[in-house]
Amino acid sequence: MCREVLDIEPYQFKLRSPERGKAWETISSHLNATSHPNFRVTPRSVRDRYNLLTKKFQVRLNREERASGISDDNSELDNLLEEILEKEKAAKEKLDNDDEDKKKSLANEKAAAEDMRKRALERVGQTAKRKGKEEGPEAEKSKSRKSEAMEYLKERASKEIQLREQELEMRKKEQDSMSQREREKNEQQDKMLSTMLKQQEQQQQMMMMLLNQQQQQSQALLSLMGKIVPK
């Protein structure tokens, strides 16, 4: 599975995007097409397994770094997971940079639209003043019509700016919502993984307690038999 992930690289696409979904479908299709070993997986099961493996591996790496700064000899799976995490981190940084560039682009578009509106209104006002000076008394006759035209242009430009601002605001909210959902999902996965690791540690502790009890019982039995059996 890890080799397929490295080959397809689903993490290069945005979370919950159609492209990422198709990437997981491709991976599951490739796995189901193999006969040795035989797989029966879905895109979701592959994705969930991938998330679990990478989370557990990351936790293990953090624990080893805190313990000694030196990790044990890695298995083939460990090497694959390490390569996956490095590529996933690079892909996430690229996607974050792209999002930041889009936000800057939206802000620049908004500023450019506002600047165009101001220039258009200035040109209309300058043209009206110039014509008024050139026409003299005739300008008074069409003053009312020009004033209405200017008001219409101002109102139209204002509405266009409002619509553009609303569109930019909606796109920004959509991006913020996607980021929030991604953070919440990661937090849930971290909590689930933490719970699983705690359960595993508790099970290991219980096993150790049982082994100690068995050893103590065996020693007690041997001691008792030594007293009973004549020497």
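A 1.4 Å probe over all protein chains sorts 40, 183, 117 by accessible area into 40, 183, 117, starting with the largest. Taking Cα atoms only, the orientation of helix 18-33 departs from the longest principal axis of the chain by about 30 degrees. Amide hydrogen proximity for residue 39: with H placed 1.01 Å from N in the peptide plane, the residues at 5 or more positions away or on another chain lying under 5 Å are 34.
Considering only 196, 209, 178, the Gaussian network model of the chain with Cα springs below 10 Å gives its largest mean-square fluctuation to 209. Across the range 107-116, coupling constants 3J(HN,Hα) worked out from phi with the 6.51/-1.76/1.60 Karplus curve, θ = phi - 60°, read 5, 5, 5, 5, 5, 5, 5, 5, 5, 5 Hz, and Gly and Pro carry x. Within the listed set 208, 192, 116, the Gaussian network model of the chain (springs between alpha-carbon atoms below 10 Å) gives the highest mean-square fluctuation for 208. The 1.4 Å probe gives accessible areas that order 49, 164, largest first, as 49, 164.
Among residues other than residue 169 with Cβ under 11 Å from its Cβ, the summed charge is +1 (Lys and Arg +1, Asp and Glu -1). When the surface is traced with a 1.4 Å probe over the full set of protein chains, residue 121 keeps roughly 50 Å² accessible. Here the chain is treated with +1 on each Lys and Arg Cβ and -1 on each Asp and Glu Cβ, and its dipole about the Cα centre works out to around 840 debye. When the Cα atoms of the chain are aligned to their principal axes, the ranges along those axes come out at 140, 41, 30 Å in descending order. Round to the nearest 10 and give me the degree value, 0 to 90, for the angle of helix 137-228's Cα axis relative to the longest principal axis of the chain. It is inclined by approximately 0 degrees. Of 161, 84, 27, which is the most mobile in a GNM of the chain whose springs link Cα atoms less than 10 angstrom apart? Greatest mean-square fluctuation among the candidates belongs to 161.
Using a probe of 1.4 Å on the protein chains alone, the accessible area found for residue 59 is around 40 Å². When only Cα pairs below 8 angstrom with a gap of at least 6 residues are kept, the range 1-54 shows a relative contact order of 30 percent. Computed over neighbours whose Cβ is under 12 Å from that of residue 197, the net charge equals +4, Lys and Arg +1, Asp and Glu -1. In the chain, the portion of solvent-accessible area held by carbon and sulfur atoms comes to 52 percent [1.4 Å probe, whole percent, DNA, RNA and ligands not counted]. A 1.4 Å probe run over the range 158-231, with the rest of the protein chains in place, finds 90 Å² accessible per residue.
I want the local charge near residue 15. Using Cβ-Cβ distances under 15 Å, sum +1 for each Lys or Arg and -1 for each Asp or Glu among the other residues. Summing Lys and Arg as +1 and Asp and Glu as -1 gives -1. Looking at the range 33-103, the accessible area is 73 square angstrom per residue; that uses a 1.4 Å probe and ignores ligands, DNA and RNA.
The values are calculated or read from the model by the stated rules, or taken from the named source; none is laboratory data. If you're wondering where the values come from, they're calculated on a predicted model, not measured in any experiment. As a convention, Cβ positions derive from the backbone with ideal geometry for all residues, glycine included, and neighbour counts pool all protein chains shown. Ligands, DNA and RNA are stripped out before the accessible areas are found, and what is left, the full protein with its side chains, is counted by its heavy atoms. Shrake-Rupley method; radii C 1.70, N 1.55, O 1.52, S 1.80 Å.
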